[in-house]
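The values are calculated or read from the model by the stated rules, or taken from the named source; none is laboratory data. Every value quoted in this text rests on a predicted model; they were computed, and no experiment measured them. Here Cβ is always computed from backbone atoms with ideal geometry, including for glycine, and neighbour counts include all displayed protein chains.
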Amino acid sequence: MLLKDMPHHSQDFGDWKRPDAQVFHISSVLYETPANFDYWTAKYDAHHKNWGYSHFTLIIPKKIATDVELAKVLVAAAPLDQLKASLFNADESGRQFTVCFSDDGWSLV
């Protein structure tokens with residue numbers, strides 16, 4: 001099944017401003033993967049008015065978020081903080097590609 005065919009939930013986190021005054025508008029889409037998938041997947045977009053979009057992917061094992069409501073809460077929690085930390089190094093050429101594996105089990109790319 002393609003992501004575009006899955007039920008999804010959008011969240012808008014608004015503008016996030018770095019200490020150097022660079023501003024990113026952050027939003028996400030959480031996809032309801034079918035029951036036979038053992039993870040939820042979400043995408044984040046961080047948009048800078050001059051630099052464009054930076055995209056992130058979040059993988060959440062269903063064993064730590066047993067339903068979509070818990071997954072939505074997680075999308076707005078620690079992975080979002082990690083995304084913001086990654087944006088500290090972003091510039092007009094993009095951001096450094098990193099993979100973050102949490103102790104909780106989720107991964108942010």
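Condition (residue is buried (at least 17 other Cβ atoms within 10 Å of the Cβ) and hydroxyl-bearing (Ser, Thr, Tyr)) applied to segment 61-70: is it met by at least one residue?
No, there is no match, as no residue in segment 61-70 is buried (at least 17 other Cβ atoms within 10 Å of the Cβ) and hydroxyl-bearing (Ser, Thr, Tyr).
Return yes when Asp15 is under 16 Å from the mean Cα position of the chain (by Cα) and not hydroxyl-bearing (Ser, Thr, Tyr) and no when it is not. Let's see the steps before the verdict.
Working: under 16 Å from the mean Cα position of the chain (by Cα): yes; not hydroxyl-bearing (Ser, Thr, Tyr): yes.
For Asp15, the condition - under 16 Å from the mean Cα position of the chain (by Cα) and not hydroxyl-bearing (Ser, Thr, Tyr) - is met.
Filter segment 91-109 down to the residues that are out of contact with any helix residue (DSSP H, G or I) (no Cβ under 9 Å at 6 or more places or on another chain), closer than 18 Å to His47 by Cα and at pLDDT below 85, then identify the one that is surrounded by the most Cβ atoms within 10 Å (Cβ to Cβ).
Among those that are out of contact with any helix residue (DSSP H, G or I) (no Cβ under 9 Å at 6 or more places or on another chain), closer than 18 Å to His47 by Cα and at pLDDT below 85, it is Gly94.
Would you point out which residue out of Ser86, Ser54 is modelled with pLDDT under 95, crowded, with 17+ Cβ neighbours inside 10 Å and not in a strand (DSSP E or B)?
Only one candidate qualifies: Ser86.
Could you list, in sequence order, the residues of segment 1-22 that are surrounded by 15 or more Cβ atoms within 10 Å (Cβ to Cβ) and in a strand (DSSP E or B)?
Passing the criteria: His8, His9, Gln11, Phe13, Trp16.
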